[in-house]
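Written below as structure tokens is the structure these notes are about.
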Amino acid sequence: MRRTVAELRAELLKAGRGAGLPLGTAEDLAWAADWIRAEALKQILDGLRTGEGRKELTAMANALDARALGAEPKLSGPLWQALVAFQDQIAPPTEALEISDAQWRALAGHAAQTYVPETDQSRLRGAGAGDIDND
Amino acid sequence: MDEMAPIASPQAPLRSPDTVMRLARMGASFPTRLSFLPTLLRQLRDEGAEVTRPVWEIGPEGYGHAVYSVLLGGHVYSLVAISSPLEADQRTDRVIATAWDTAYVLYDGVPDASEIARLCDAAPLQEAGRFTERDLVLSRANRSVRLFDHVVEALRKGNQPDADRICNTGYLMRTTAVYGNGKFGIADRTHIAQRPGLSGPFMAEMLTVWLIRGFTHDLVEHLGGRPLDRRLKRHLGIGNATGLGMAPFLVSHPLLLDAWMQVRETALARVRAAGALSAARRARYQELAQRVVRHLAQWSVPDAQAQANIETLQDEWQAFSTALPGLLDGETPTEQMYHASLTGSLELQELTVAFLLEPFGELVDGLTCCMATPAEPRLKPGMSITDLKSALQSDWSWALDLDFADPTATHQFWYVSESKAEPRLGLRHEEPGAERESPLDIARQVQDLAGDLPRSGSLAEFLMAHPHHRAAVRRVQSLMRHPYAEIRDNLIDADCRPIDMLRCKLAFFGAARFDPKSDRWTRITLAQGAPLADELDRADDWWLPAFGDE
């Protein structure tokens with residue numbers, strides 16, 4: 001299904017946070033959304049699943065710092081390329097962003113970990129407004 | 001500041017971010033001529049834009065659809081408006097609603113019959129629908145039932161509606177969300193960000209809202225069977241109900257917040273340095289001051305605290321305008337007016353800022369092109385820890401001095417509810433869910449960072465060992481170049497009032513007549529007094545309008 005970059009960016013940020021990545025790492029992934037396509041997303045989803053994978057994603061964001069300081073990190077693959085493209089502000093791909101439903105569900109599953117289950121109290125007080133407004 | 005274009009105009013010093021970026025002051029904001037809606041309307045006027053209504057398929061009960069088109073910056077945009085029956089027990093301003101009186105899409109181009117049919121199916125679903133890159137903005141609005149029905153009944157009887165009731169409510173419908181930038185499949189902002197007329201922040205959203213306002217006028221005239229008096233119509237803007245969902249935007253877009261503030265503060269600094277005034281400008285200030293008196297007299301709200309603030313402001317403004325003739329003489333009248341306001345309330349001070357800018361369009365309007373910023377904050381791993389610490393000391397004392405061991409300092413937490421992703425605020429020490437809080441606790445994050453920083457060394461190495469400080473480091477670094485990027489208050493404190501953030505953002509949109517319903521949501525009016533589609537020549541003179549003025 002076609003997704004917009006803004007949708008992918010928002011979902012990546014929430015999914016990263018929901019899966020327990022450091023906020024700054026989740027931001028780096030989200031801001032690279034312009035350059036992220038199916039294969040890079042697969043790498044992210046694989047990474048978010050395990051503690052080891054999350055460490056690798058975190059290390060990848062740190063490797064961007066090393067690269068900014070002139071090092072040449074021994075990293076490759078679609079996700080690294082996307083992060084580097086963001087860092088270098090290379091023109092993003094123009095083709096429509098197609099993401100499979102399975103990938104989107106996986107991403108949304110992690111994002112849902114940032115949502116707080118509804119209670120009567122939160123429904124009534126949390127937003128500060130009643131349910132009906134007919135005036 | 002080193003990223004800003006060189007400024008040729010003389011200017012006074014900018015107000016300090018420590019003054020400007022406090023919640024209480026942000027919560028006293030007023031719209032200015034630099035706000036987004038007036039900026040858009042000036043653009044439409046400059047282009048001689050004409051609004052057409054190629055489709056009007058609205059039945060005798062007021063249900064159906066209509067299309068409005070307008071040419072802006074070489075592109076045609078169309079508002080597709082859909083009106084449907086709605087049960088009274090379905091009518092809520094909250095995000096958790098699932099049905100509305102009316103639904104809207106701003107469409108890129110002129111929709112053909114199949115596109116109109118697609119939008120008539122999808123737009124009433126709002127968040128549950130799916131949209132395309134041709135769809136630029138998605139919105140919905142509910143009737144202000146009492147006023148809407150009154151206006152239709154009056155027209156049907158051959159009368160004009162009651163002027164006081166028009167003045168008191170100020171709109172026929174309230175939008176309860178205006179979605180842009182890629183949500184639910186609509187076009188990403190990058191798709192239109194370079195287009196003349198839509199390149200500024202929220203321009204497509206403002207165009208949508210202004211066209212919706214015209215539709216609400218047409219709808220009551222259709223149902224009432226005769227035209228509404230032009231003066232009444234002009235004073236029917238479009239309402240809006242805004243809740244917590246708008247507040248995190250200011251925190252998640254720090255560079256944009258800085259750009260908006262830089263523009264407003266730079267405009268103020270230029271006007272303060274304007275020197276002696278021409279007779280025409282002195283007269284203009286006098287005339288505007290009297291209009292503000294009338295505007296404030298017509299602004300009354302049910303909330304007791306908000307009403308008390310308005311009444312204080314009414315008194316203060318009366319005194320200010322009485323003193324005005326004396327302030328307007330001399331070599332530095334704008335500076336004198338600015339200083340005279342400083343003895344009053346925050347509302348008086350911020351109102352005066354907006355007032356000062358109003359007659360100086362040619363000096364300040366050009367600054368609005370600096371209000372959009374494409375960049376995301378960048379981390380600078382080469383910075384020394386010593387430099388980072390010195391930035392913390394100079395810019396963040398408001399955060400570092402807080403005592404987070406005190407439970408009141410962490411009393412609230414921001415979160416997103418599972419129910420339709422509605423943003424909410426909870427009480428940390430009483431309610432579950434704080435472990436999933438949204439990261440709006442900027443002051444606490446930065447204080448944690450300061451506590452873990454070593455004496456010296458490499459920032460890149462520090463971040464490898466402490467990756468959870470990455471976001472805070474980026475914010476500290478951003479604030480060094482973008483001094484208005486942070487709200488300098490603790491957003492999880494017991495005293496934090498989200499309504500202050502909402503008012504600041506809404507004032508930048510151009511909203512007035514703030515009508516807070518609690519500390520976390522507000523109604524406002526947009527486009528009240530604004531030109532109708534066939535009178536854009538009035539686009540330069542509707543700041544804080546008063547009902548009854550021509």
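The values are calculated or read from the model by the stated rules, or taken from the named source; none is laboratory data. Fair warning: this is a prediction, and the values are worked out from it, not measured in the lab. Neighbour counts run over all protein chains shown; Cβ positions are idealised from the backbone, glycine included.
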Just one listed residue, out of A:80, A:35, is aromatic (Phe, Trp, Tyr) and either without any contact (Cβ under 8 Å) to a residue 40 or more places away in the chain or in contact with a His (Cβ under 8 Å, 6 or more places away or on another chain) (or both), and it is A:80
Does at least one position in segment B:308-330 carry a residue that is more than 22 Å from residue B:33 (Cβ to Cβ) and part of a loop (DSSP other than H, G, I, E, B)? yes
Picking from A:107, A:45, A:75, the residue that is away from chain B (no Cβ under 13 Å) and part of a loop (DSSP other than H, G, I, E, B) would be A:75
*If you go through segment B:74-85 one residue at a time, do you hit one that is at negative phi, modelled with pLDDT of 95 or more and part of a loop (DSSP other than H, G, I, E, B)?*
yes
Quiz prompt | Test result for residue B:538, charged (D, E, K, R), away from chain A (no Cβ under 14 Å) and over 17 Å from residue B:237 (Cα atoms) | solution = no
Exception for residue A:65 within (1) modelled with pLDDT of 95 or more; (2) surrounded by fewer than 17 Cβ atoms within 10 Å (Cβ to Cβ); (3) at the interface with chain B (Cβ under 9 Å from one of its Cβ atoms) falls at (2)
Exercise. Kindly indicate whether residue A:134 is at the interface with chain B (Cβ under 8 Å from one of its Cβ atoms), out of contact with any His (no Cβ under 9 Å at 6 or more places or on another chain), over 19 Å from residue B:421 (Cβ atoms) and not in a loop (DSSP other than H, G, I, E, B).
Key: no
Picking from B:487, B:499, the residue that is in a helix (DSSP H, G or I), among the β-branched types (Val, Ile, Thr) and surrounded by 23 or more Cβ atoms within 10 Å (Cβ to Cβ) would be B:499
Scanning segment A:34-58 for residues that are buried (at least 16 other Cβ atoms within 10 Å of the Cβ) and among the aliphatic types (A, V, I, L, M), the one nearest to residue A:91 (Cα to Cα) turns out to be A:36
When segment B:86-122 is checked residue by residue, the ones that are at pLDDT 95 or above and loosely packed, with under 15 Cβ neighbours inside 10 Å are B:109, B:112, B:113, B:114, B:117, B:121
Going through segment B:212-236 in order, the residues found to be in contact with a Lys or Arg (Cβ under 6 Å, 6 or more places away or on another chain) and more than 17 Å from residue B:157 (Cα to Cα) are B:217
When segment B:173-222 is checked residue by residue, the ones that are within 13 Å of chain A (Cβ to nearest Cβ) and in contact with a His (Cβ under 9 Å, 6 or more places away or on another chain) are B:182, B:192
Of (1) touching a Leu at 6+ places or on another chain (Cβ under 9 Å); (2) touching a residue at least 12 places away in the same chain (Cβ under 8 Å), residue A:125 satisfies every one except (2)
Can we say residue A:11 is within 8 Å of chain B (Cβ to nearest Cβ), surrounded by fewer than 23 Cβ atoms within 10 Å (Cβ to Cβ) and assigned to a helix (DSSP H, G or I)?
no
Among helices (runs of 4 or more DSSP H) entirely inside segment B:106-207, those with 1 or more residues being within 30 Å of residue B:301 (Cα to Cα) and touching a residue at least 24 places away in the same chain (Cβ under 8 Å) are B:145-156, B:163-169
Within segment A:29-41, restricting to residues that are more than 23 Å from residue B:435 (Cβ to Cβ) and part of a helix (DSSP H, G or I), the one that is farthest from the other protein chains (Cβ to nearest Cβ) is A:39
Within segment B:507-550, residues surrounded by fewer than 23 Cβ atoms within 10 Å (Cβ to Cβ) and under 17 Å from residue B:25 (Cβ atoms) come out as B:519
Do we find a residue being within 14 Å of chain A (Cβ to nearest Cβ), under 27 Å from the mean Cα position of the chain (by Cα) and crowded, with 19+ Cβ neighbours inside 10 Å anywhere in segment B:426-434? yes
Just one listed residue, out of B:263, B:301, is among the β-branched types (Val, Ile, Thr), part of a helix (DSSP H, G or I) and outside the structural domain of residue B:164 (by TED's automatic domain parsing), and it is B:263
